[in-house]
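The values are calculated or read from the model by the stated rules, or taken from the named source; none is laboratory data. The shown structure was predicted, so the numbers you read here are calculated from the model rather than taken from an experiment. Note that each Cβ is placed from the backbone with ideal geometry, even for glycine, and that neighbours are counted across all protein chains shown. Side chains included, ligands, DNA and RNA excluded: accessible areas come from the protein's heavy atoms. Shrake-Rupley method; radii C 1.70, N 1.55, O 1.52, S 1.80 Å.
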Amino acid sequence: QERLAESGGGLVQAGGSLRPSCAASGHTFSSYAMGWFRQVPGKEREFVAAISWRVGTPWYADSAKGRFTISRDNAKNRGYLQMNSLKPEDTAIYYCAVTVIMGSTSSFDYADWGQGTQVTVSS
């Protein structure tokens, strides 16, 4: 079974950058897409970005386009979310998960969720 673990969150001022990563143990990502979601207390988990592992095709939420870049390192079996020009409204716990449904933005299509990494953007 896949085990996903996020790291690389933190506290940053508005306009700053962070690059959380998602590591997999067990099997490889090769047949999947890896996605990032975020969640704040009292709200539903929100899609941020995803990438097809084999081909590397990304897709993004409108809120992430132009500021966030998703990538993966096949050799390290690790994915990344480069977040630039961060805003206070980006504050959330960020989770990674996998899906076999390319193009999906629904959390119901994703599985093997990690524990999350906290991202806090101060104004």
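Tabulated values for the structure
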| read-out | value |
| --- | --- |
| Spin-label zone in region 1-45 - amide nitrogen under 14 Å from a point set 7 Å from the Cα of Q115 along the C-beta vector | 3-9, 23 |
| Rounded accessible area per residue of region 69-114, 1.4 Å, Å² | 48 |
| Region 5-20-region 83-119 distance, computed between alpha-carbon centres (Å) | 13 |
| For region 41-123, average projected area of the Cα convex hull in nm² | 6.0 |
| Net lengthening on full extension, N74/S7 (0.36 nm per residue, minus Cα-Cα) | 22.4 nm |
| Reach of K76 by Cα under 19 Å, taken over lysines that are not fewer than 8 positions away in the same chain | none |
| Full-stretch length increase - T57, S25 - with 0.36 nm per residue and alpha-carbon distance subtracted | 9.3 nm |
| Simple Cβ-charge dipole of the chain, Lys/Arg +1 and Asp/Glu -1, about Cα centre, in debye nearest 20 | 280 |
| Carbon + sulfur, % of accessible area of the chain - ligands and nucleic acids excluded, 1.4 Å | 49 |
| Gain on full stretching of the segment that runs from K87 to Q39 - 0.36 nm per residue minus C-alpha separation | 15.8 nm |
| Among R19, R54, R72, residue whose mean-square fluctuation peaks in a GNM of the chain (springs only between Cα atoms under 10 Å) | R54 |
